[in-house]
Amino acid sequence: MERPLSAVWAASRAGVRRRRLQTVSIGVVVALSTATLLFGFGLLAASNSLFDDAFARARGAQATAAFDAAEVSAARVAATARAAGVTAAAGPFQTAVLRQARASAGMPGPGQDLRVAGRADPGGPVDRLTITSGRWVRGPGEIVLHGRPGGALRVGGTLSSPGLPELTIVGFAISVTGSADGWVAPAQIGALRPDGLQMLYRFARAGDSPQVQRSLAEATAGLPVTGNESYVTVRQAFQERFNQLIPFITVFGALAMAVSAIIIGTVVSGAVVAGFRHIGVLKALGFTPAQVTAVYLVMVMTPALAGCAAGVAAGHLMADAMAENMARGFELPSAWGATLLLDAAAGGCVVVLVALAALGPALRAGRLPAVQAISAGAVSRRGRGRGPQRWLARTRLPAPVALGLGLPVARPARTALVLTALGLGVTAATLGLGLHQTVSKIMTADPEGHTSVTVGAAPFGPTRPDLSERQVFTLLREQPGTAHVMSYDLLKVRGAGLPDGLTAETYNGDYRPFLGDNLIRGRWFTGPGEVVPSESLLRLHHLRVGDTLTLRAEDGAPARVRIVGSFAQPDPNRLMLDARNFPDSEGAAGLRRPISVIVTPGTAPADYAARINALLSGDGMSAKVTEPETGGAVVFHGLFLLLSLIICTAAGLGVLNGVLLNAQERSRDLGVLKAVGMTPRQVALMMVTSMAALGAVGAALGIPLGVAVHHAVVDLTGRLTAGGMAASWIHVYDWWLLALPACAGLLIAVLGSWPPAGRAAATRTATVLRGE
Amino acid sequence: MDEHADTVVRLASVHKTYGDVVALGGVTLRIRRGEAVAVMGPSGSGKSTLLNMVAGLDRPTCGSVVVDGEDLTGMGESALARFRRRRIGMVFQFFNLLDDLPALENVALAGRLVGMPPRKARARALELLDRLGIADRQGAYPAVLSGGERQRVGVARALMNRPALLLADEPTGALDSRTGDQVVDLLLDLNRTGQTLLLVTHDERLATRCATRLVEFTDGRIVRETEPNRSRPWSVR
């Protein structure tokens, strides 16, 4: 009895076993591509809904209301949970403020005020806390802090506040809306002099800020609310930090997926083409065209499915780790990585892609006449691109190099695919390096990013230092290691023809070196009479460089200032100018503005700060090293690095596969070359040269493309977000930054081609020729 | 004449096994300069293995192989490749030309491997093609050459570096009888001008026409050596 399926299966299994390297290559490429695809999906999903997902999982509070405990009873506040429109509520929790709290272990710098709540457990219907380290409080004497351990704040440490009992830190937890800075047991809060009550709400209607305010007003009608916070404000603050970076992630994720798809297409179609002689044998045995097609599909799908499963597992883990990192970077309790739906989507996409990539060549294999298939390799081929090969053979280049350079032109389609993979690899590396630079520049663009040491009033010193700003400037400038000194403050101002609520960043002293490279138009101000507003302010009010504004601080004289430039900033109420425009606001009597210092090259900021502390502590001042808030920069740098590596590895596998196919197809030629005296090293050199040439071309194409994509993405982000993008954030490429991807192109090509080239060089000549 | 200088190939008790299969079972053979030796035997008798040993494409399990004064037994892959490119010329049954290079470049390539400048290599290749009567086909690619023309290009490539020994593995096996005869004539002419020849063939007619000595193989051993009725070469190079 005929058993065609078992024959197909037997032939496929034999093919898989016979071509182990090819099988492993397909499995690895598919695994890597699936992992990349799933990682990309997870990245895009997380970047679109990072906050919302975390908020939903934690059942975050849509509104947090604070009440004065002296004016309203806990019972009345608790009754608001049953008000109309409230779907869930938690509290009331007693609250207290730990003033000038500091870690007893000796946390340097000033202490800080912490708002703590008395809460029995981290769960509940609203604002479920995620414990990131340690455990929840079990009784008096313990505290759980918001966030994660860091510096002197660690599990087991203690926290003290003047006049209050010392508390042991037993854990860290995160509230998605940051409902408190710490939590103690309800039995403990009484000893901390509580003065408030906190209630957390979720409402039936809370789509936007006005809805939240209306719902809250209805719920707390008749009660004296001393403060409230809407989740919309928290979400906006998060989006301000995060959304600027979403386009970068999107483009990079999409690029990774495109490379994966191309590599799969190359490897799978190549695997089928490489087995033409096998096809002839099958047909000679009596396999029908449909059976031959089936054999090839099964041969490819077997390792592909195994690779896909491994890739889904790896991608899921990677996406989870990435989401966890992002949550950590943005102080969220948690984030979704890959879901089962994403797993299925990525796995399904890859399987379909593999099947489509294999189907064309497999159908071609089925239709191939047996005689033509069985004679593949034994008869002379009528090849392509022979003109260039002939020309190269006549040059003075060493024979292996000349022959190697000629190989790519013999198979233009395969060369195009390998070149695409290499080009995209280089594009990804170029784009990744550029985005890394851009994000770094964005994160350190403000003056704080350029400041080494900050000098200000000591937290437990006299009410105000006796020294004036000018005296402190003079003292600091006399110190060795001081390069530049300035003071900076925020001032509420009003502008004629502009809405209320403008915030002026006023600078005094030697401020020019502190101003970042976030200038979008014009130039920085150089003295009084000039102003640099945010780009969003200019756009919103249709102002231009050269226009004049009249600004007035509270109770101060008006100042006429000319717009000389604009800086990148999404806040449409921001402007920067010299503090001398508002002489009344200067701290002439007693220091009140913090002072920033840039130290000279070679001076350690920590040593400098210690010296200044020793010098000025008697005057009620302290100095501390400035640690710029890099926020999620580390997360993004990690992402760019990881994706660049994945893309480059995938490109390297594409190269490996290309050389593998070339070596298989040209095994007879390689045998002949060795028979006429080519050494194994020369054979390897020939194969590597063929890909190194493509690596060079890939770099030549990929670098300009990467730069162009980077510029387009950053520029577009600037247009889409109100803040704009500074020219220096767009034009980030120095020659050395371009040299790296150029080397990457060659490196990918050489590393990818080395293993199969070495294998080809080691093939026994006698075996190859006997096979003929 | 000095016996060493007169000997091109010396095999002493050469054994070759592939797993349990004995391909050569203690072969001792000496080929003198200018000789044309034909190795005959049924399929699987060890003829091709012997050829591979002499060409340095395979190594003996034990015994020694000395070709043109060089002991191949201890040589590494690279040294064997360098030895091959200068001392050995190989002619294959299926020609084994590089499909992407025209006839002239196929021949010149062997010269390029020994460091010959491109112009000089092409001049030498053209001289050989002319000598073999296919100079007019110098620009043609293998796919458009006839079987006989391809084999002539193969012979020209083998002669490019003036090898001490020309190895031919079934050189007429893929040719029709008329073209095969032409190739035999070519080999005869080469031998008559002093080229040492080691020929592996099934074809008794070819062997007796071409060879000055017949070596018959069975099961990896030499079972008979005869001298057919062919005149010795007129001169030794």
Net charge of Cβ neighbours under 14 Å - reference B:A123; Lys, Arg +1; Asp, Glu -1 | +4
A:F238 - accessible surface, heavy atoms, 1.4 Å probe, Å² rounded to 10 = 20
Decide, for region B:3-226, between rounded, prolate and oblate: order the square roots of the alpha carbon gyration tensor eigenvalues as a ≥ b ≥ c, take rounded if a/c falls under 1.5, and otherwise choose prolate if a/b is larger than b/c, else oblate.
-> prolate
Treat each spin label as a single point 7 Å out from the Cα along the C-beta direction, and report the A:H541 to A:R138 distance in nm.
-> 6.0
Residue by residue through region A:541-549, which ³J(HN,Hα) values in whole Hz follow from phi under the Karplus form 6.51 cos²θ - 1.76 cosθ + 1.60 (θ = phi - 60°), with glycine and proline marked x?
-> 9, 6, 8, 9, 4, x, 5, 10, 10
Over the heavy atoms of A:S667, what accessible area does a 1.4 Å probe trace out, to the nearest 10 Å²?
-> 40
Taking the dipole of region A:447-625 about the Cα centre (Lys, Arg +1; Asp, Glu -1; charges at Cβ), the one of A:S536, A:L515, A:P601 that reaches farthest to the positive side is A:S536
Sorted by accessible area (1.4 Å probe), largest first, how do A:R115, B:R32 line up?
-> A:R115, B:R32
HN-Hα J couplings of region A:700-712 from phi, Karplus 6.51/-1.76/1.60, θ = phi - 60°, integer Hz, Gly and Pro as x?
-> 4, 8, x, 5, x, 5, x, 5, 5, 5, 4, 4, 5
Determine the gain in length on full extension of the stretch B:D20-B:R86; use 0.36 nm per residue of separation and subtract their C-alpha separation, reporting nm with one decimal.
-> 20.3 nm
Simple spin-label estimate for B:K120/A:A120, 7 Å along Cα→Cβ, in nm, reads 10.0
Built amide H within the under 5 Å cut-off of A:T158, gap 5+ | A:S104, A:A105, A:I169
Take B:M40, A:M318 and sort them by solvent-accessible surface of the protein heavy atoms, 1.4 Å probe, largest at the top.
-> A:M318, B:M40
For A:R135, enumerate residues with amide H under 5 Å from its amide H, sequence gap 5+ or separate chain, H modeled in the peptide plane.
-> A:G171, A:F172
Net charge, A:A58 excluded, C-beta distance under 12 Å - Lys, Arg +1, Asp, Glu -1 | +1
In region A:468-559, the GluC sites (Glu not before Pro) that sit in a DSSP loop and have at most 15 other Cβ atoms within 10 Å of their own Cβ are A:E478, A:E554
So what does A:D195 come to for accessible area, using a 1.4 Å probe and Å² rounded to 10?
-> 80
Would you mind classifying region A:11-84 by shape? Square roots of the alpha carbon gyration tensor eigenvalues, ordered a ≥ b ≥ c; an a/c under 1.5 is rounded, otherwise it is prolate if a/b is larger than b/c and oblate if not.
-> prolate
Which far-off residues, 5 or more places away or on another chain, put their amide H under 5 Å from the one on A:T177, with H placed in the peptide plane?
-> A:A61
What 222 nm value per residue comes from the helices of chain B, counting each DSSP H run with n ≥ 4 as -39,500 (n - 2.57) and dividing by all residues, nearest 500 deg cm²/dmol?
-> -10500 deg cm²/dmol
How much length is gained if the chain between A:A74 and A:D607 is pulled fully straight, taking 0.36 nm per residue apart and subtracting their Cα-Cα distance, in nm to one decimal?
-> 186.8 nm
With a 1.4 angstrom probe the carbon and sulfur portion of accessible area for region B:62-143, in percent, totals 49
A:L615 and A:D195 label points (each 7 Å along its Cα→Cβ direction) are spaced in nm at 3.8
Per-residue ³J(HN,Hα) for region A:661-678, Karplus 6.51 cos²θ - 1.76 cosθ + 1.60, θ = phi - 60°, Hz, x for Gly and Pro = 5, 4, 5, 5, 5, 9, 4, 5, 4, 5, x, 5, 4, 5, 5, 8, x, 7
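The values are calculated or read from the model by the stated rules, or taken from the named source; none is laboratory data. What you see is a predicted model, and the numbers here were worked out from it, not measured in a lab. When we count neighbours, we look across all protein chains shown, and the Cβ atoms used for this are built from the backbone with ideal geometry, even at glycine. Note: areas computed on protein heavy atoms with side chains; ligands, DNA, RNA excluded. Shrake-Rupley method; radii C 1.70, N 1.55, O 1.52, S 1.80 Å.
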